[in-house]
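Notes for the one structure printed next.
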Amino acid sequence: MPDPRIAPTARNIPLSVQIAEQLRSQITSGHWELGQKIPGEHQLVEMTGASRNTVREAIRGLVHAGLLEARPGDGTYVCASSELEIALQRRAAAENVLEIFEAREALELYAARLAAERALPEDIDRMTRALDGRDAEPDVAKSVEYDLDFHLEMFAASGNQLITDIYRSLDRSDTMSIPQGKSDKETRQLFIGPWTDDDPHRQLLAAIRDRDPDGAAAAVVRLMDHSRSLFLQNMPK
């Protein structure tokens, strides 16, 4: 982990605020990932050169902001990647789920075009691994996770961090929760689709690999048409 020791030029800012900013940067940069347990208090004191009370105050601030979650007897965990994610999740929680779904559609269509223009070989490799993992995984819940990973990797390949963060926030909303009482077949149909040789996920991957924005957009439209139909059927009455 980079040493977040405070620079002398920031002396007019309270030390706890400076420490909080340094810790926040570990989260927003992805150095501390979502769900990861952060270093313990003693280690943070050593890393920052600040007092134990100052470190505690900084952590409390990030817990209050919603970036960290303190679990008594266990430690402190990253629960959001940015304040933007927190705000979007709160906003989405107050919205009609159909509006959330429509927003996801719009973002995915645009990101697919960008990915076809900007994807690096390693981006395509990660997308391929996600689809291969999805198809090889017998457990439906894990297969769905692979499918969601594929979409997130496609957004990452777009090269636009802001729309990636927005999508990730919506991706974690209730619209992507596996409904209760659904069979494995119904769950797979809802999240992944009925396709075998004509899977638009594979068509999307191929279009991105071939630098074909129109082909990528066409594949997303196929995916979204299917998802929208099933989503509307499964919306709570």
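The values are calculated or read from the model by the stated rules, or taken from the named source; none is laboratory data. This structure is a prediction, so every number in the text was calculated from the model and none was measured. Cβ placement follows ideal geometry from the backbone for every residue including glycine, while neighbour counts extend to all protein chains displayed. When the accessible area is computed, the model is the full protein with side chains, heavy atoms only, and any ligands, DNA or RNA have been set aside. Shrake-Rupley method; radii C 1.70, N 1.55, O 1.52, S 1.80 Å.
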Single residue of region 116-152 satisfying the filter (of a type in the set (A, V, I, L, M, F, W, C) and open to solvent by 70 Å² or more (accessible area, probe 1.4 Å)) that is farthest from Ala217 (Cα to Cα): Ala136
If you go through region 41-56 one residue at a time, how many are on the phi < 0 side of the Ramachandran plot and part of a loop (DSSP other than H, G, I, E, B)? 2
If you go through region 32-40 one residue at a time, do you hit one that is open to solvent by 80 Å² or more (accessible area, probe 1.4 Å), outside any helix (DSSP H, G or I) and at pLDDT below 90? yes
Could you say whether any residue in region 124-147 is more than 24 Å from Pro194 (Cβ to Cβ) and basic (Lys, Arg)? yes
Give the residue that is surrounded by the most Cβ atoms within 10 Å (Cβ to Cβ), with candidates limited to residues of region 57-81 that are in a loop (DSSP other than H, G, I, E, B) and either among the β-branched types (Val, Ile, Thr) or on the phi > 0 side of the Ramachandran plot (or both). Gly66
Give the residue, chosen from Leu131, Leu88, Leu44, Leu68, that is in contact (Cβ under 8 Å) with a residue 60 or more places away in the chain and over 30 Å from Asp212 (Cβ atoms). Leu88
Among the residues of region 54-66, which ones are closer than 12 Å to Arg24 by Cα and either among the polar types (S, T, N, Q) or modelled with pLDDT under 90 (or both)? Ala65, Gly66
Would you check if there is a residue in region 178-186 being at pLDDT 90 or above, touching a helix residue (DSSP H, G or I) at 6+ places or on another chain (Cβ under 8 Å) and assigned to a helix (DSSP H, G or I)? no
